[in-house]
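Here is the structure we will look at.
The values are calculated or read from the model by the stated rules, or taken from the named source; none is laboratory data. Owing to the predicted nature of the structure, the values given are computational and were not obtained by experimental measurement. Glycine gets a Cβ as well: all are built from the backbone with ideal geometry, and neighbour counts include every protein chain shown. Just the protein is used for accessible areas: all its heavy atoms, side chains included, with ligands, DNA and RNA removed. Shrake-Rupley method; radii C 1.70, N 1.55, O 1.52, S 1.80 Å.
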Amino acid sequence: MKTHLVTTFNLGFGFARLFVEAESENGSVTLLPADSGSAIVTVGIDCSWGTALSILLHELYEATLIDLNTRYELDPSYSNEASDFMFFASHNQLAEAHERIGYALAAVLPDFTKAYKKYSPYKKG
């Protein structure tokens, strides 16, 4: 699927690149991309604006909580999928995650809004 680079931003632990994917309603985080560049956050935008924002927040939190060492994986796992992950955070870790994401949102929201308007094929039913 075709992705479009939206911006590069600071997510507290370093820089990340934000991409939108016009033909998807999914999101993903790649912390160690094949090109050895900064982390990649991809947000599917073939959905309503509210859903796209929800996907963006989900992926930002996932990347941040992983960086804060709060993610654990069930092992052994028969499903071997994302639902196997659990996050356990202290109050201070959660506060730090909120702060990192607040700054990230302030930085990316204007460009994310423009990219959504330009590339989203979503049409209200």
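Among Ser77, Ser83, Ser90, which is the only one that is open to solvent by less than 60 Å² (accessible area, probe 1.4 Å) and at pLDDT below 95?
Ser77
Quick one: which of Gly37, Gly50, Gly27 is open to solvent by less than 60 Å² (accessible area, probe 1.4 Å) and touching a His at 6+ places or on another chain (Cβ under 8 Å)?
Result: Gly27 is the single residue among Gly37, Gly50, Gly27 that is open to solvent by less than 60 Å² (accessible area, probe 1.4 Å) and touching a His at 6+ places or on another chain (Cβ under 8 Å).
Exactly one of (1) among the aromatic types (Phe, Trp, Tyr); (2) closer than 24 Å to Lys2 by Cβ; (3) modelled with pLDDT under 95 is unmet by Tyr119. Its number?
Unmet condition: (3).
Could you tell me how many of the residues in the range 1-57 are within 10 Å of the chain's Cα centre (by Cα) and farther than 25 Å from Phe85 by Cα?
Count: 0.
Does the range 71-92 contain any residue that is under 17 Å from the mean Cα position of the chain (by Cα) and under 20 Å from Asn10 (Cβ atoms)?
No, the conditions are met nowhere in the range 71-92.
Name the pairs: first residue in the range 38-56 and modelled with pLDDT of 95 or more, second residue among the β-branched types (Val, Ile, Thr) and assigned to a helix (DSSP H, G or I), Cβ to Cβ under 7 Å, at least 6 apart or on different chains?
Hits for this filter: Val43/Ile55; Gly44/Ile55.
Could you please find all residues in the range 103-125 being open to solvent by 40 Å² or more (accessible area, probe 1.4 Å) and either among the basic types (Lys, Arg) or under 17 Å from the mean Cα position of the chain (by Cα) (or both)?
Selection gives Tyr103, Leu105, Ala106, Ala107, Leu109, Pro110, Asp111, Lys114, Lys117, Lys118, Lys123, Lys124.
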